[in-house]
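One structure below.
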Amino acid sequence: MTTPRTEHLVLPGVLTPEQAARTVRGILDGQREDGAIPWFRGHHLDPWDHTEAAMALDAAGEHAAAERAYDWLARHQNPDGSWYAAYADGDASEPTDRSAESNFCAYIAVGVWHHYLATGDEAFLDRLWPSVRRAVEWVLALQQPGGEIGWKREPDGTPVTDALLTGCSSVYQALRCALAIAEEREEPQPDWELAAGALGHAIRHHPERFLDKDRYSMDWYYPVLGGALTGKAAEARIAEGWDRFVVPGRGVRCVVPNPWVTGGESAELALALWAVGESDRSLEILRSIQRLRDESTGLYWTGHVFDADAVWPEEQTTWTAGAVLLAVAALGGDEATCAVFGAGRLPAGLDPDCCAGVAGQ
């Protein structure tokens with residue numbers, strides 16, 4: 001029997017009530033007592049995937065556990081507003097990669113807005129707002145004149161100004177969530193509106209401003225998932241890459257031409273498909289990756305090498321399970337998840353005066 005917290009996480013051919021509950025438990029089992037959610041116990045934590053897993057917990061109604069995850073971020077934010085790229089087993093005293101990546105640091109805004117929409121907890125929003133504000137300002141210091149966001153800062157603070165399309169698409173979603181938080185708090189951020197508009201424009205119209213990572217499926221669907229591409233442009237983007245990246249009955253390749261499908265990319269594509277109204281194909285993708293599910297843990301193997309019929313790597317990550325739960329939650333109509341991943345439900349920022357005559361979408 002379903003409960004009010006997980007009824008929207010039940011999807012025929014994807015998750016039964018018992019399976020949904022087991023997957024949620026699998027993520028909770030990976031969370032440390034201090035709130036950190038590493039990839040799996042003994043592996044590292046990165047701030048983006050930590051947040052993705054926390055969002056899945058909110059989608060499942062595990063709001064206290066999700067709040068602990070966000071409080072972990074607030075406690076361990078660096079003075080400049082960033083977080084390190086990786087921490088050993090989620091231990092904040094043991095960073096294993098002291099660089100700081102722009103999309104990793106921006107993503108707290110997505111998670112905080114999602115948690116607020118799921119709970120209505122104004123005290124939480126007040127408490128996390130300073131962390132969101134500092135993180136956004138740190139990220140925007142890496143924005144280039146063309147609107148794109150530099151990838152990261154090296155451990156010594158040196159900026160890497162090369163921009164990644166996937167990362168920038170995620171930052172675009174995060175900036176829009178940060179603007180939504182600012183609006184809710186009645187603290188307008190006009191500079192953020194300009195920055196978000198310039199970034200969205202760069203993603204839509206200036207591929208030359210990003211490193212060429214065309215082989216990676218994330219660069220294909222992330223402009224749709226992050227909300228920069230909508231409507232006909234999004235549909236055309238999905239159609240253009242479908243045969244190249246989707247392996248029927250198996251899922252989505254991480255990188256072409258490798259015979260390797262991954263659960264995380266597949267679930268994210270399912271979310272992108274939901275966002276453009278392709279719920280049937282979204283469901284089809286989610287069903288295709290159930291071969292990656294481990295029923296004993298409720299978690300999912302990262303990927304499957306289909307020409308060798310082999311699981312690889314041999315790991316089950318909290319963020320893969322989180323991505324699956326979020327895709328199912330969107331298809332199930334979970335209001336907070338739909339609001340965060342529904343491109344039309346977030347502030348859009350201000351488009352720059354550029355490329356006159358080019359359609360905005």
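Counting beta carbons within 10 Å around each of CYS355, CYS168 and listing the fewest first gives the order CYS355, CYS168.
Given the chain, report the % of alpha carbon pairs whose separation exceeds 24 Å.
Working: 34810 of 64980 pairs.
That fraction is 54 percent.
The alpha carbon gyration tensor of region 199-303 gives principal lengths a ≥ b ≥ c with a/c of 1.5 or higher and a/b greater than b/c, which makes the shape prolate. Here the contact order of the chain, divided by its residue count and restricted to Cα pairs under 8 Å and six or more residues apart, works out to 19 percent.
Take HIS201, HIS63 and order them by how many other Cβ atoms sit within 10 Å, fewest up front.
In increasing order of surrounding Cβ atoms, one gets HIS63, HIS201.
A simple count of charges around ASP58, restricted to other residues whose Cβ falls under 13 Å of its Cβ and scoring Lys, Arg +1 and Asp, Glu -1, yields -4.
Where a ≥ b ≥ c are the square roots of the eigenvalues of the C-alpha gyration tensor, would you call region 97-204 rounded, which needs a/c under 1.5, or, failing that, prolate if a/b is larger than b/c, or oblate? All intermediate terms of the calculation are to be shown ahead of the outcome.
Details: a/c = 2.08, a/b = 1.51, b/c = 1.37.
Prolate, since a/c reaches 1.5 and a/b exceeds b/c.
Please work out the C-alpha center-to-center distance from region 130-170 to region 296-361 and express it in whole Å. Measuring centre to centre over Cα atoms gives 21 Å. List the GluC sites (Glu not before Pro) within region 1-64 that fall in a DSSP loop (any state other than H, G, I, E or B) and whose Cβ has at most 16 other Cβ atoms within 10 Å. Those satisfying the criteria are GLU33. Estimated purely from DSSP H runs of n ≥ 4, each contributing -39500 (n - 2.57), the mean residue ellipticity at 222 nm for the chain is -16000 deg cm²/dmol once divided by its residues.
Quote the convex hull volume per residue of region 1-90, based on C-alpha atoms, as a whole number of Å³. Show your work: numbers first, answer last.
Details: hull volume 8.5 nm³, N = 90.
Normalising the Cα hull of region 1-90 by residue number yields 94 Å³.
Calculated FRET efficiency, GLU94 and ARG25, Cβ-Cβ r, R0 25 Å, to nearest 0.05?
Working: r = 27 Å, r/R0 = 1.07.
The value I calculate is 0.40.
Values in this text are rule-based calculations from the coordinates and carry no lab data. Quick caveat, the model's predicted, so the values are computed rather than measured. In this analysis, Cβ positions are derived from the backbone assuming ideal geometry, glycine residues included, and neighbour counts consider all displayed protein chains.
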